[in-house]
Structure formats: C-alpha cells, structure tokens
Amino acid sequence: TSAGCDSLSGTWNPNLTCATPCPILVNCTCQDEPQTHCHLDTVAIPNNSPGGVDVIIVVPVRYHITDVNVCFDITHSSEGDLAMSLISPASAEVTLMLHEGSGANFRCTVLDDEAEVGIGQGQAPYNDPYRPTLPLSGFDNQIAQGNWILHISDTAPGNTGTLNWVCLNFTYDYIDAAQENDLVPVEYSLSAYPNPFNP
C-alpha cells in the first residue's frame with residue numbers, strides 16, 4: 001500500500017500495475033532498497049526508427065557487480081519489431097533482445113541469465129523471467145556507478161509503443177570506495193599574497 005511505502009521513506013508509483021507481481025518492483029520504489037535503480041517515467045518508442053531512443057537509468061552506488069537483472073514494462077502491439085540493448089557506464093553493451101518473440105506487450109518482464117527459457121522462446125505478455133539474447137554476465141566485475149543506457153528501437157512500420165518503466169537490480173560482492181587519487185579537482189587556485197618577492 002502507499003502507506004507502507006511511505007513508512008519506508010519510499011515513493012508510491014500508482015502507474016506501475018502488473019498482471020502478475022514483478023519480482024523486482026511492483027508499486028513501491030524505496031530508498032532503503034539500494035540494489036534496485038529505475039527509470040519510472042514513460043518514454044515513447046518511435047515507430048520505424050532504427051535510431052531508436054535512449055533511456056538513462058542513474059545508479060549512484062559503486063557496486064562491484066557479480067550479477068545484474070533487468071525488469072521492464074513495454075506496451076507495444078508487435079514485440080517482434082523491437083530491439084533492445086543495455087550499455088553500462090564503462091561502455092560495455094549487451095543485446096537484450098533482437099526482434100525476438102511475437103504478440104503484444106512485455107508486462108513486468110525480467111531478463112535474468114539464470115532463467116530457463118530464452119526471450120525468443122517466450123510468449124506474450126512475458127510475465128516470467130527469461131534469458132536475454134546475450135548474457136548479462138558481460139557486466140560482471142564492473143563498477144555500477146554512473147549512467148546506464150537502455151537503447152530501444154522499432155524497425156518496422158505500422159505501430160508505436162511505450163516503455164512504461166525499467167529497473168536494474170544488482171548483486172554485488174562489495175561496494176567500492178573511491179580512492180583519493182581517483183578524485184579529480186574541479187578548480188585550481190594559486191595565491192600570490194603576500195608576494196614573497198616583494199620586500
């Protein structure tokens with residue numbers, strides 16, 4: 001409930017409705033759930049546009065990644081039109097799906113390397129966990145902090161779609177602390193007062 005979410009210092013998101021509960025996120029994104037980071041605003045997926053659209057998921061924590069799952073909700077009448085990839089802050093890219101599947105809509109779909117069925121063998125509305133086209137283990141051992149990019153393209157004419165929300169859920173073995181020598185100064189300053197060369 002929204003009251004329970006408030007008690008956890010979270011934000012209630014009434015637009016997130018699922019036919020079956022999403023294992024990662026249903027209606028409440030809470031500040032004390034640091035392993036899940038989301039983009040919760042709807043984004044239009046341009047019709048018949050190979051250039052597609054980029055959606056940014058901000059991850060503020062320096063997780064040392066051992067596993068990452070992707071949970072998303074898309075309204076689209078022809079899933080086979082879509083291609084989707086995820087790009088990490090370190091510029092590693094993993095193809096999540098590539099014109100696979102048929103039917104309409106991805107409802108609370110989870111992409112997980114440990115799932116038994118690949119996304120290409122799934123059926124709409126894809127409520128269960130599925131393996132992505134390429135393994136998400138491509139992100140293992142990276143530091144999660146930064147802007148992750150979900151790239152979605154629709155490469156066939158005739159219909160439009162909407163990304164309703166997307167979340168990344170991380171498993172990690174430690175949280176990396178930035179070292180002093182990693183810090184980059186943003187301003188330099190020199191003082192010449194008093195002037196030691198002026199008697």
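A few comments on the model shown:
- Near Ile65, once Lys and Arg are set to +1 and Asp and Glu to -1 for all other residues with Cβ below 13 Å from its Cβ, the sum equals -4.
- Local electrostatic count at Pro129 - Lys and Arg +1, Asp and Glu -1, tallied over other residues with Cβ under 9 Å: -3
- A 1.4 Å probe run over the protein chains yields, for the range 81-145, 44 Å² of accessible area per residue, whole-number rounding.
- The GluC sites (Glu not before Pro) of the range 96-181 meeting both criteria, a DSSP state outside H, G, I, E and B (loop) and at most 16 other C-beta atoms within 10 angstrom of the site's C-beta, are Glu114, Glu116.
- Net length available on complete extension from Ser78 to Leu98 is 5.9 nm, with 0.36 nm assigned per residue and the Cα-Cα distance removed.
- The range 81-102 and the range 118-168 have Cα centres separated by 6 Å.
- Extended-chain gain in nm, criterion 0.36 nm per residue less alpha-carbon gap, Asp140 and Ala156: 2.5 nm
- Report note on the peptides 42-52, 66-76: ranked by the mean count of other C-beta atoms within 10 Å, highest first, their order is 66-76, 42-52.
The values are calculated or read from the model by the stated rules, or taken from the named source; none is laboratory data. Just so you know, these numbers come straight off a predicted model, no measurement behind them. Methodologically, a virtual Cβ is constructed for each residue, glycine included, from the backbone with ideal geometry; neighbour enumeration extends over all protein chains shown. Just the protein is used for accessible areas: all its heavy atoms, side chains included, with ligands, DNA and RNA removed. Shrake-Rupley method; radii C 1.70, N 1.55, O 1.52, S 1.80 Å.
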